[in-house]
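Structure record follows, encoded as structure tokens.
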Amino acid sequence: MRARLTLAALALLFGLFAQPAAAGTSSSVPVSCPSPSASASPVASPPPSPSAAPGNTAADLCARKQLIDQVRQKLSANLATALVVQDQLTQSLTENESEQTALRSEITKTHELVVALDGELRRIA
């Protein structure tokens, strides 16, 4: 169970860091962009190559801002999921530790019983 949770966490984290990131943060020029509609696709189309766009037009800046906003939303969701997985792993490890402690106690009691029975057999024989 622990190995599965570890693999799930690693897969989630790998997916988080494998997302394409925007090559910059925000523009210093304020750009007024229309809000994306509710039916807009959650995956943005790739920005045009630098050689295809002669400059930073308002449409280019608007598209870039929307792309950055979408990446921020996706990262926030992935980070929240990663925190949930981390909490589940912590709980699983705590439960595992408790179970191991209980098993060690049972093993110790059983070993003591075996030693006592061996002594009793030697005394009888």
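The values are calculated or read from the model by the stated rules, or taken from the named source; none is laboratory data. Since this is a predicted model, take the numbers as computed values, not measurements. Here Cβ is always computed from backbone atoms with ideal geometry, including for glycine, and neighbour counts include all displayed protein chains.
Would you mind stating whether Ser76 is loosely packed, with under 11 Cβ neighbours inside 10 Å, at pLDDT below 95 and among the hydroxyl-bearing types (Ser, Thr, Tyr)? Yes; evaluated as a whole, the condition is true for this residue.
Only one entry in Val115, Val85 is surrounded by 10 or more Cβ atoms within 10 Å (Cβ to Cβ), modelled with pLDDT of 90 or more, touching a Leu at 6+ places or on another chain (Cβ under 9 Å) and among the β-branched types (Val, Ile, Thr), namely Val85.
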